[in-house]
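All remarks here apply to the structure that follows.
The values are calculated or read from the model by the stated rules, or taken from the named source; none is laboratory data. Values in this document were obtained by computation on a predicted structure and should not be read as measured data. Backbone-built Cβ (ideal geometry, glycine too); neighbour counts: all protein chains shown. Accessible surface areas use protein heavy atoms only, side chains included; no ligands, DNA or RNA. Shrake-Rupley method; radii C 1.70, N 1.55, O 1.52, S 1.80 Å.
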Amino acid sequence: GEAMSSHPGIDMMSFTGSTRAGIAVAKASADSVKRVTLELGGKSANIILDDADLKKAVSGGVMGCFGNSGQSCNAPTRMFVPRGKQNEAIAIAKATAEAVKCADPFAEGMNMGPGVSETQFNKIQGLIKKGIDEGATLVAGGLGRPEGLNRGYFVRPTVFANVTNDMTIAREEIFGPVMAIFKFRTLSDAIKRANRSEYGLAAGIITRDI
């Protein structure tokens, strides 16, 4: 706040981060009437339509969610699949998640690194527990560190299925390698479900028909 008020020549503030920090930035910008652009989270939908290559779409969606250890504001964390293909999609997502290797990202191979801090690690663990407690189906991953790791803020690559919009993991940004699978009957149903979010940062539709 002090730094900003001492530079009256700055007429715009752009900030990407948490809601709490965004509120502080907006307040600190008010006295000098700066324009403020805030990007404070995402819960991006990834809608896979009936005509898509399911294996390619689901595995790509899972890896898109897990990129940067899930610490991307535009990560496709909510995957919507046709009701009739849910079981197949779950099997593909499970196999994809279980093939992810968690290790030092500087080590040889394509490794998923740790979360950014102990605070974030604990937040992710708490939300995974919420998913389990609220009745989502744990497909892969879960609580605790990945097998073979007893230190560091590594999170198990996690996939939930049978997620409904009333669940905490459907609403809150987790900012970790945790993906939720939702099923839908029709495209309008998928759009309606995807739009039930406080966030509007990004979305994807996977289809062969542009």
Qualifying strands (runs of 3 or more DSSP E) (wholly inside the stretch 1-66; at least 1 residues being at pLDDT below 95): 12-16, 35-39
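Go through PHE160, PHE182 for me and flag whichever is without any contact (Cβ under 8 Å) to a residue 40 or more places away in the chain, crowded, with 20+ Cβ neighbours inside 10 Å and under 12 Å from ARG78 (Cβ atoms).
Values: PHE182 fails: without any contact (Cβ under 8 Å) to a residue 40 or more places away in the chain.
Unique residue meeting the criteria: PHE160.
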Single residue of the stretch 171-189 satisfying the filter (assigned to a loop (DSSP other than H, G, I, E, B) and not aromatic (Phe, Trp, Tyr)) that is nearest to THR207 (Cα to Cα): THR186
Which condition number does ALA107 fail, the rest of (1) in a loop (DSSP other than H, G, I, E, B); (2) in contact with a strand residue (DSSP E or B) (Cβ under 8 Å, 6 or more places away or on another chain); (3) open to solvent by 30 Å² or more (accessible area, probe 1.4 Å) being met? (2)
State yes or no: is GLY142 free of Cβ contacts under 8 Å to residues at least 40 places away in the same chain, surrounded by 15 or more Cβ atoms within 10 Å (Cβ to Cβ) and assigned to a loop (DSSP other than H, G, I, E, B)? yes
Taking into account only those residues within the stretch 28-42 that are open to solvent by less than 60 Å² (accessible area, probe 1.4 Å) and of a type outside the set (A, V, I, L, M, F, W, C), which is farthest from GLU172 (Cα to Cα)? SER32
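One line per residue, one yes/no per condition, for (1) part of a helix (DSSP H, G or I); (2) closer than 23 Å to THR16 by Cβ; (3) modelled with pLDDT of 95 or more; (4) in contact with a Phe, Trp or Tyr (Cβ under 7 Å, 6 or more places away or on another chain):
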residue	(1), (2), (3), (4)
ASN122	yes, yes, yes, no
LYS130	yes, no, yes, no
GLY148	no, no, no, no
VAL159	no, no, yes, no
GLY200	no, yes, no, no
ILE205	no, no, yes, no
For the stretch 187-210, which residues satisfy the criterion of being free of Cβ contacts under 8 Å to residues at least 12 places away in the same chain and open to solvent by less than 70 Å² (accessible area, probe 1.4 Å)? ASP189
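Among the residues of the stretch 90-105, are any among the β-branched types (Val, Ile, Thr) and closer than 17 Å to GLU172 by Cβ?
First, pick out the residues of the stretch 90-105 that are among the β-branched types (Val, Ile, Thr): 90, 92, 96, 100.
Filter once more, keeping what is closer than 17 Å to GLU172 by Cβ: none.
Checked the stretch 90-105: no residue is among the β-branched types (Val, Ile, Thr) and closer than 17 Å to GLU172 by Cβ.
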